[in-house]
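See structure below.
The values are calculated or read from the model by the stated rules, or taken from the named source; none is laboratory data. Everything numeric in this text was worked out from a predicted model, so none of it was measured. Note that each Cβ is placed from the backbone with ideal geometry, even for glycine, and that neighbours are counted across all protein chains shown.
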Amino acid sequence: MKPLRKKKQLIEVGATLVLAAIFSASAAFAGNPDAKEASAEMKWGFKAARQGYWQEALMRFEHANQLTPNQPRILNNVAVAQEANGLYEMALLTYQEGLSLDPNNNSLRRNYMRYQEFYASYIAPPEITDEEGGEDAQENN
Amino acid sequence: MRRKTTELLVILIAVGAVCSAGSREVRIALHLDPELPLDGTENVYVGPILIEPREGENVQSVDLTAAREFETFLRKILRRDAELHLIPKRDDLQPPRNSLGALLLDPEFWKSIRKESAADYVVAASIDVKVLDRAGYTTEEYVSPQDGKTYFRQVMVEETGFSYDILLVVVEAETGNVLHREQITDFQPKNERKLEDYTDMFTDLYTLQNRLIGIFVPRAVQVKRALYSD
């Protein structure tokens, strides 16, 4: 009898948790239709990104950002999509904007660090200027 | 058994509900433009590949082999991966000087290559190879996890292989202008016993290969990023 009661209790707790999550999300969207639409855009954008359609993903994330501006989560996705579309300079600004809003956002911070590593390695590697290179070459003579 | 399964299921649902709001890792192919805007119709001449040992050092047999191997490697990369049209090597086009720096100051040399071979671009390089065969003890600092104090310990360090220092230039043959300059340093680890073996010196040098290809053709770099799903 006891295990059965415990089982029921567990199911009740779980169901309550799920329902609470659904209701809290619904309540958040109830007064703000833009937030609901932004969330839907984020979902579509994420789906598109997973399939490799990064142009569509960027469009969706940017639309979400227009609907609910200054959201670090959305800015993170915009920055990643900008990177995927080769808009590296814009991605840098977007990452910085997101981090200025939420410096403790782990995903944003990790992405930004990875972006910096990539940027330094491939886009703007610490290069030897023509003058320096020329001098080196001349020194070797 | 069934009770445990139910418990697990409930926990999974709760965790799943929380996690669905989190971020997930995605793989992206980031595209990189080539350093030179080539359309693939250009004629490219490879050479000269010069040996420029470090100051105070003489040319050794390894340098000669490395220069020859590098030329073969470069030709293979440019033909196979960059799909460029390479002009066959000509023995009559010998450089008047053995220093790449001095040659770059002499536009007439590059113009003469164009005149003789009809090349649009010339890919030249200077190379220095050092055989590293070092093994010894070095003192290293470490913090003990037991008492948190800093101690010093001796560590055996082995470093055997070839260290490359390459300066690669792409010159516009018509004018003698340097269009691109790439300084590449790389290391090919080799077993101590194989240090005398100079064949395939540039095989599996991905950094070198990647950077060489990146000068001439677009490429993609695979990276990971965290993306929010909603």
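Applying the criterion of being crowded, with 20+ Cβ neighbours inside 10 Å and under 24 Å from B:Arg219 (Cα atoms) to the residues of the range A:104-122, the residue that is farthest from the chain's Cα centre (by Cα) is A:Tyr115. Would you check which residues across the range B:65-98 are of a type in the set (S, T, N, Q) and over 15 Å from B:Ile166 (Cβ atoms) and list them? B:Gln94, B:Asn98, listed by residue number. Pairs are defined by a Cβ separation below 6 Å, a sequence spacing of at least 6 or placement on different chains, a first member in the range B:133-150 that is under 26 Å from B:Gly161 (Cα atoms), and a second member that is of a type in the set (Ser, Thr, Tyr) and modelled with pLDDT under 80; the pairs so defined are B:Asp133/B:Thr160. Scan the range A:82-115 for residues that are in a helix (DSSP H, G or I) and more than 12 Å from chain B (Cβ to nearest Cβ) and report the count. Of the residues in that region, 10 qualify.
Here A:Glu12, A:Glu37 are screened, and the one residue that is more than 11 Å from chain B (Cβ to nearest Cβ), farther than 30 Å from B:Ala220 by Cα and at pLDDT 65 or above is A:Glu37. Looking at the range B:106-116, can you tell me whether even one residue there is out of contact with any helix residue (DSSP H, G or I) (no Cβ under 9 Å at 6 or more places or on another chain) and of a type in the set (Val, Ile, Thr)? Yes, the range B:106-116 contains at least one residue that is out of contact with any helix residue (DSSP H, G or I) (no Cβ under 9 Å at 6 or more places or on another chain) and of a type in the set (Val, Ile, Thr). Given the structure, is B:Glu83 part of a helix (DSSP H, G or I), away from every other protein chain (no Cβ under 14 Å) and loosely packed, with under 15 Cβ neighbours inside 10 Å? No: the conditions fail for B:Glu83.
Consider the range B:195-225 and keep the residues that are in a loop (DSSP other than H, G, I, E, B) and within 14 Å of the chain's Cα centre (by Cα). The one that is modelled with the lowest pLDDT is B:Asp204.
Whenever a residue of the range B:100-114 is farther than 17 Å from B:Arg90 by Cα and within 14 Å of chain A (Cβ to nearest Cβ), its partners that are charged (D, E, K, R) and not in a helix (DSSP H, G or I), lying with C-beta atoms within less than 9 angstrom and at least six residues away or across chains, give the pairs B:Leu100/B:Glu52; B:Gly101/B:Glu52; B:Leu103/B:Arg97; B:Leu104/B:Arg181; B:Asp106/B:Arg97. If you filter the range A:54-81 down to residues that are among the polar types (S, T, N, Q) and part of a loop (DSSP other than H, G, I, E, B), you find that the one that is nearest to the other protein chains (Cβ to nearest Cβ) is A:Gln71.
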